[in-house]
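The values are calculated or read from the model by the stated rules, or taken from the named source; none is laboratory data. These figures come from a predicted structure and were not determined experimentally. Ligands, DNA and RNA are excluded from the accessible area calculation, which covers all protein heavy atoms including side chains. Shrake-Rupley method; radii C 1.70, N 1.55, O 1.52, S 1.80 Å.
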Amino acid sequence: MGNGQAARRAREIYADLSTHEDRNYIKVCSLVPDNPDRYAHHRRFDKFRVQSGATRPVWAVAVAEVNMVLAAATADHEVHLWDLETVELKVSLKGHSDQVWEVKFSTNETTLASGSSDKTIRLWDTQDGSPVGVLRSHEAAIRSLSFSFAGYLISGDQDGQLFLWEAENAIPIKSWAAHDGAVHSVAFSLADPLLALSVGADGSVASWYVKREDDEMVLGGKFGGGEGGAVLSLACHPVYPAIAAVGNEEGQVRIWNFKPDFQQGQADIAGHQKLSSGHSKAVWFLEFSRDACLLASGSADCTVRVWNVSSIQSPCLLAVFRAHESWVRQVRWFSQPGKGRGKKRLLVTCSTDGRIALWAPPGRLRKVNQLQDFKAVPKHEKAAAHGVSSLQETACH
């Protein structure tokens, strides 16, 4: 879909959805790294490789909304950059010698970071894909990355280690053991740029106070994120630093309300909600929308679920759709620049079926646009042994 076809198709869908409130997400277009755009079969374009017939999984995606660039990590050890305005491949980034598991844009969208099983983090210029640097200190495969508005980059690996980096410094500021087993996800809080959360194979959620001046990393508490299985995914609330959503290998999604205590090293748990109508298999990815009103989850059951979380006390399921023919590895919100209905509710998904898909939202999601005030649950209302929820989920109407 070149020459603006995707943009035209999106406009048609927005117009159609304005009169069909009950419809679900509709696919705008698919991107296939094996056949990246309309020039894929032209031999004169040497940027395209000769591909085998096998499908190559797409493990991770990232969206630079201002620059309209999409990055995708594929099973050929490369990272591909697409122009989202034309839906044309810009460049394929080569440098990693093993599987790339994660890609993330910096908060100002000037730099793309990629983490790999080759134990390196590579930094790339967002505009032209030129290499900026290589970070080497990990001793295991790097599975997760996150940038902070405070200027830090945090990375988690297969051995349970976290590393903290800062711009233009190839040596990590510090590193520490965070989990017993792999770190599956790590994220900086948008509400508090010095607060980082991590989840791992040991089933725990950990909070960390990140500051260069501290000699040691400060633990703000660690607690079980589910019922004993590995916690695979994590999303920090964009507005409330004490709220986080986690997904586990059993297909469960929970929203936790907690307060890190960096003096005692313990988290004060006020309550949590296990979302009903959840996935039937592992939840690989979670992400809140920028306005904090929606939560999207992607699962090994091939579906994406979108939840109304404008009221933290009463989240509810809004939409369910089959996004791919295999695992949904990641789900990203995409706010297309400009004015128009639905432009702030697009989704980008990637899958082990070898495809990336852009999805336009149903009209009814436009009504979910007001974040309600959240009041922390008093201590005397805590759930006993964290086994009973202090939050309530209701049906969406």
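Would you tell me the accessible area of residue 159, worked out with a 1.4 angstrom probe on the heavy atoms of the protein chains, in Å² to the nearest 10?
Surface open to solvent at residue 159 totals about 90 Å².
Would you tell me the accessible area of residue 104, worked out with a 1.4 angstrom probe on the heavy atoms of the protein chains, in Å² to the nearest 10?
Rounded to the nearest 10, the figure is 40 Å².
Given the whole protein assembly as supplied and a 1.4 Å probe, what does the accessible area of residue 29 come to in Å², nearest 10?
Solvent-accessible area, nearest 10 Å²: 10 Å².
I'd like the distance between the alpha-carbon centres of the stretch 269-332 and the stretch 197-243, rounded to an integer number of Å.
The two parts, judged by their Cα centres, are 19 Å apart.
On a 31 Å Cα-Cα criterion, which of the cross-link pairs 90/281; 222/367; 222/281; 119/259; 104/222 come out too long?
90/281; 222/367; 119/259
Taking N as the number of residues in the stretch 51-133, what is its Cα Rg relative to 2.2 N^0.38 Å?
Normalised Cα radius of gyration, the stretch 51-133: 1.01.
What are the ³J(HN,Hα) couplings of the stretch 86-93, residue after residue, when phi is run through the Karplus curve with 6.51, -1.76, 1.60 and θ = phi - 60°? Round to Hz, x for glycine and proline.
9, 6, 10, 5, 7, 6, 9, 9
State whether the stretch 90-156 is rounded, prolate or oblate according to the following rule on the C-alpha gyration tensor (a ≥ b ≥ c being the square roots of its eigenvalues): a/c under 1.5 gives rounded; otherwise a/b larger than b/c gives prolate, and the remaining case gives oblate.
Oblate.
List the residues, sorted by chain then number, that are 5 or more residues from residue 284 or on another chain and whose placed amide H is less than 5 Å from its amide H.
298, 299, 300
Taking all protein chains in place and a 1.4 Å probe, what share, in percent, of the accessible surface of the stretch 126-175 do carbon and sulfur account for? Don't skip to the answer; put the middle values down first.
Numbers: 1060 of 2260 Å².
Reported share for carbon and sulfur atoms: 47 percent.
Determine the order of 171, 26 by accessible area, beginning with the largest, at a probe radius of 1.4 Å.
171, 26
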